[in-house]
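The structure under discussion appears below in the form of structure tokens.
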Amino acid sequence: MTQCSTCGFTLAAGTRYCPNCGTAVSAASTEPLSSPHRSTTKRVGMVLFPLVLIVGAVIFIHYLNPSVHSVIKQQPVVTTPVEYGVEPVVMAPIEFREEGGDLVFSLDDLKRYRLVRFEYRGGQTPRSVMAYLAPTGQLVTAISYSEHCGSTEFTIKENKIFCARCPSNWDMMTMEAYACCAKYFPDPIPSRVDGSEVRVPKLFVGRWAGRL
């Protein structure tokens with residue numbers, strides 16, 4: 001309800017002149033006042049709507065461009081970018097040696113085969129270790145094992161890692177899954193390049209306990 005600004009008489013909506021004193025009434029003054037509840041709801045909506053849009057955009061962008069795995073992100077670039085086509089690249093067994101706290105193998109072997117593997121039996125549990133050249137040219141080393149299906153063998157094609165035992169496959173950079181063994185990808189572990197050799201700390205291999 002509104003009131004006459006001159007005499008305070010209660011005015012009906014749409015009244016042009018006050019029936020009590022004759023004062024002209026402006027159109028704005030005859031509009032009902034918004035309730036506090038409605039105003040608060042409107043303000044909350046004005047704040048929440050942009051936030052929902054922002055969060056939705058972030059989720060959508062993350063879905064389109066998932067983050068590179070944290071370990072892979074830190075790995076060194078050892079060659080020019082590599083593009084893997086539909087022809088699968090199979091694992092090549094290679095020689096390695098133990099030196100101090102490292103497992104050491106040839107960087108030239110990795111560049112030649114692009115996907116290599118060796119078996120380390122020095123810890124409490126034998127572990128298969130794999131290495132591959134990422135599409136970015138980075139060196140990636142990982143535990144060559146998927147606990148869900150028990151596979152230690154993998155191939156690469158179309159910039160994805162494929163399990164040799166089940167339909168699972170993962171993006172080579174993000175480890176985003178495309179089938180059943182979602183979180184049981186070959187687990188990346190840190191390594192470094194020393195001249196013409198790759199060094200994988202035995203600590204990371206020996207203490208790896210799985211994710212099941």
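The values are calculated or read from the model by the stated rules, or taken from the named source; none is laboratory data. Here the structure is a predicted model, which is why all the values come from computation and not from measurement. When we count neighbours, we look across all protein chains shown, and the Cβ atoms used for this are built from the backbone with ideal geometry, even at glycine. The area values use the complete protein model at the heavy-atom level, side chains included, leaving out ligands, DNA and RNA. Shrake-Rupley method; radii C 1.70, N 1.55, O 1.52, S 1.80 Å.
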- Sort through V89, V193, V104 and tell me the only one that's touching a Leu at 6+ places or on another chain (Cβ under 7 Å) and open to solvent by less than 30 Å² (accessible area, probe 1.4 Å). V89
- Message: Exactly one condition in (1) within 25 Å of the chain's Cα centre (by Cα); (2) in a strand (DSSP E or B); (3) among the hydroxyl-bearing types (S, T, Y) is false for T136; which is it?
- Response: (2)
- Task: Name, by its number, the condition in (1) in contact (Cβ under 8 Å) with a residue 12 or more places away in the chain; (2) out of contact with any strand residue (DSSP E or B) (no Cβ under 8 Å at 6 or more places or on another chain) that does not hold for F154.
- Result: (2)
- Task: Identify, from the list V71, V116, the residue that is over 22 Å from A164 (Cα atoms) and surrounded by 13 or more Cβ atoms within 10 Å (Cβ to Cβ).
- Result: V71
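Just one of A179, A134, A209, A142 is at pLDDT below 95 and closer than 26 Å to R97 by Cβ; which is it?
Details: A179 fails: closer than 26 Å to R97 by Cβ; A134 fails: at pLDDT below 95; A142 fails: at pLDDT below 95.
Answer to the check: A209.
Give segment 196-211 a look and list any residue that's farther than 17 Å from S168 by Cα and exposed (fewer than 14 other Cβ atoms within 10 Å of the Cβ), or say none. Spell out how you get there, then give the answer.
Narrowing segment 196-211 to residues farther than 17 Å from S168 by Cα: 196-210.
Within segment 196-211, S196, L203, R207, A209, G210 meet the criteria.
Could you please find all residues in segment 140-162 being open to solvent by 10 Å² or more (accessible area, probe 1.4 Å), hydrophobic (A, V, I, L, M, F, W, C) and either in contact with a Phe, Trp or Tyr (Cβ under 6 Å, 6 or more places away or on another chain) or closer than 18 Å to I72 by Cβ (or both)? Step through it out loud before you land on a result.
Kept after step one, since they are open to solvent by 10 Å² or more (accessible area, probe 1.4 Å), are these residues of segment 140-162: 145, 147-150, 152-153, 155, 157-160, 162.
Cutting the leftovers down to hydrophobic (A, V, I, L, M, F, W, C) gives us 149, 162.
Once the filter is applied, which keeps residues that are open to solvent by 10 Å² or more (accessible area, probe 1.4 Å), hydrophobic (A, V, I, L, M, F, W, C) and either in contact with a Phe, Trp or Tyr (Cβ under 6 Å, 6 or more places away or on another chain) or closer than 18 Å to I72 by Cβ (or both), segment 140-162 yields only F162.
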- Which one is farthest from V77 (Cα to Cα) among residues in segment 163-180 that are open to solvent by 30 Å² or more (accessible area, probe 1.4 Å) and assigned to a strand (DSSP E or B)? A177
- Query: Can you name the condition, by its number, that G137 falls short on among (1) touching a residue at least 40 places away in the same chain (Cβ under 8 Å); (2) under 22 Å from V86 (Cβ atoms); (3) open to solvent by 30 Å² or more (accessible area, probe 1.4 Å)?
  - Reply: (3)
